[in-house]
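Below: one structure, written as structure tokens.
The values are calculated or read from the model by the stated rules, or taken from the named source; none is laboratory data. Nothing here was measured: the structure is a model prediction, and the numbers come from that model. Note: ideal-geometry Cβ built from the backbone for every residue, glycine included; neighbour counts use all protein chains shown.
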Amino acid sequence: MRPVVDEELCIGCGNCAEICPAVFQLIEEKSKVVDPEACEFVGCCEAAAENCPVEAITLVED
């Protein structure tokens, strides 16, 4: 599964970058996926999606 950020929904809270910094970074006050393959632990992208307050992160099949 690959994470995708809906930049229209993203409010730039930084939760995802805190949970999974190798995958997500805040750039220009929006979350961006910088390396979808770099999860530091199993489930970090799922945790980032679950902790997004505006549900801007979805996981799609490759």
- [ ] Could you pull out the residue among Val4, Val33 that is closer than 12 Å to Ile57 by Cβ and in contact with a Phe, Trp or Tyr (Cβ under 7 Å, 6 or more places away or on another chain)?
- [x] Val33
TODO: Tell me which of these Val34 doesn't satisfy, since it passes every other one: (1) at pLDDT 95 or above; (2) more than 12 Å from Pro3 (Cβ to Cβ).
DONE: (2)
